Amino acid sequence: MGNSSVSIVFLSPFPPLRGGIARFSAHLLEALRRDGCRVEVVGFRALWPRFLLHGRLSAASPLGEGPLVLYNPLTWFAVAGELKKNPPDILLAAYWGGFLAPLLFVLRRLSGVRTVALLHNMSSHESFFFEPVMRRLLARTLEGAITLSDTVSREAAAAMPSVPLLPLTHPLYPPEVALPPRESARHELGLCLEDRVLLFFGFVRHYKGLDLLLQALGELQSSFPSVRLVVAGEFYEHPDGYRLLAEGLGISDRVIFLPGFVSAGQTASLFAAADCCVLPYRSATQSGVAQLAKGYGVPLVVTPAGSLPDAVSSRHDGVVAAECTAPAIAEAVTELFMREQEGVVSVSQQGVADEGWREFGSQAGAFLRRLAGGEE
């Protein structure tokens, strides 16, 4: 391949743990190996104690396959010992919140292995008072960082000016399962072919603004009597609060709640049924859900939070709301519906997704080789 080999230990949540970080890491692992890197993984057995997740995530949320337990520092020292015994050229670590900074600091100091962060976020979505301290600790730990959005790139450059950065863009996700016919996908959900179907997909957390989307749906129902909303994903908050909000808005009959883990086959059916995927986020950096929707060829409605607008690079990709408010989201959905006659894209972008991951792996691999002292 013309590239010198580099040995990498990739520390991250991986499937069967759920969520965007695990999905992204599985694709990046494959892309790095395809680029010629020698990659071993260190996964998480668990991120949070079960009792903290009670009533939020489904009881079926699995344990991961790995030695690390984020809330148990004893496992940090065990992993650091293994890294010191068999050191790779680079430790690449997924990073999405300040609570990970102490873990990476311990691993770097005890093992001596050069550490690079894959920055999904510079800080937690629900910010804590100790985030500035964690950023300083992270800056003392890293030899480099890879970012996935302009928003995080700017934050990282400001917080860690001496740390080399590689700014990249989150690639599209290729469909794991072929899309079924829209008619059969909607039949499974009890929807009509003539309905206008909005999809909210993924973990339900306050910052993701499902309540704003429900309020927007209340505004849309008079103009679009056939509009429906499907909410699919695991809830960090109890679903009953959102059900009560829907009842209060008089839209209960327009909302289908599907709380819990969504399999690959169910995901394909949901995107096949949807006219658009709505990301009504209050705050964001970037979103794997947007790249998943685009991989399935489903247009987006997003708020102007963080780098979300970057996912809408043309009018065929969808619409960016003017504000992170319910009225603005309703206006953006209305505009998307009005564009239907113009032929908004609705075909899978499989080839674009595959090429995006190859390019991401190639650029990340070259950056890691450089930091490890190898040739590009």
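The values are calculated or read from the model by the stated rules, or taken from the named source; none is laboratory data. As the structure is a prediction and not an experimental result, all values here were calculated from the model. When we count neighbours, we look across all protein chains shown, and the Cβ atoms used for this are built from the backbone with ideal geometry, even at glycine. These area figures cover heavy atoms from the full protein model, side chains too; ligands, DNA and RNA do not enter into them. Shrake-Rupley method; radii C 1.70, N 1.55, O 1.52, S 1.80 Å.
Cβ-Cβ distance of L244 and A158, R₀ of 45 Å, FRET efficiency by 1/(1 + (r/R0)^6): the value works out to about 0.65.
Under a Gaussian network description of the chain, with springs only between Cα atoms under 10 Å, the residue in E323, E247, E40 that fluctuates furthest is E247. Fully extending the segment from S252 to V133, taken as 0.36 nm per residue of separation minus the present Cα-Cα distance, adds 38.4 nm. Relative to the longest principal axis of the Cα atoms of the chain, the long axis of helix 131-141 lies at roughly 40 degrees.
Taking amide H positions as modeled 1.01 Å from N, with prolines and chain starts lacking one, the residues under 5 Å from V42 and 5 or more places away or on another chain are F10, L11, S12. Roughly what angle does helix 73-85 make with the longest principal axis of the chain, taking Cα atoms, 0 to 90 degrees, to the nearest 10? So the helix axis and the longest Cα principal axis differ by about 50 degrees. For the pair E359 and S222, a Förster radius of 51 Å applied to the C-beta separation gives a FRET efficiency near 0.65, rounded to the nearest 0.05. Pull up the cross-link candidates among the aspartates and glutamates for K208, meaning alpha carbon to alpha carbon under 16 Å and not fewer than 8 places away within one chain. The reachable aspartates and glutamates, counting only those whose Cα sits under 16 Å from K208, are E126, E234, E237, E323. Using only Cα atoms, find the angle between the long axis of helix 20-34 and the longest principal axis of the chain, and express it within 0 to 90 degrees, rounded to the nearest 10. That works out to roughly 50 degrees. Segment R282..E176, full-extension length gain: 35.3 nm, with 0.36 nm per residue of separation and the alpha-carbon distance subtracted. Taking a sphere under 11 Å around the Cβ of D253 and counting the other residues whose Cβ falls inside, with K and R at +1 and D and E at -1, yields a net charge of +1. Among K208, K85, K294, the largest mean-square fluctuation in a Gaussian network model of the chain, built with springs joining Cα atoms closer than 10 Å, belongs to K85. Residues whose amide H comes within less than 5 Å of that of F235, counting only those at least five positions distant or on another chain, are S58, V204, G260 (H built at 1.01 Å from N in the peptide plane). Of [x] 19.9, 56; [y] 21.1, 66; [z] 34.5, 105, which is the value of Rg and Dmax of the Cα atoms in Å derived from the coordinates here? Matching the structure shown: [y]. Near R182, within a Cβ-to-Cβ distance under 12 Å, what is the net charge of the other residues, with Lys and Arg +1 and Asp and Glu -1? So the environment of R182 carries a net charge of -4. Remark: the A264-E335 segment gains 22.6 nm on full extension, using 0.36 nm per residue and subtracting the alpha carbon distance.
When shorter helices are ignored and each DSSP H run of at least 4 residues is given -39500 (n - 2.57), the per-residue value for the chain at 222 nm works out to -12000 deg cm²/dmol. For the chain, the solvent-accessible area works out to 42 Å² per residue, with a probe of 1.4 Å and every protein chain left in place. Round to a whole number: what % of the accessible area of the chain belongs to carbon and sulfur, probe 1.4 Å? The nonpolar share, carbon plus sulfur, comes to 55 percent.
Largest GNM mean-square fluctuation across P299, P327, P225, computed for the chain with C-alpha springs under 10 Å, falls on P225.
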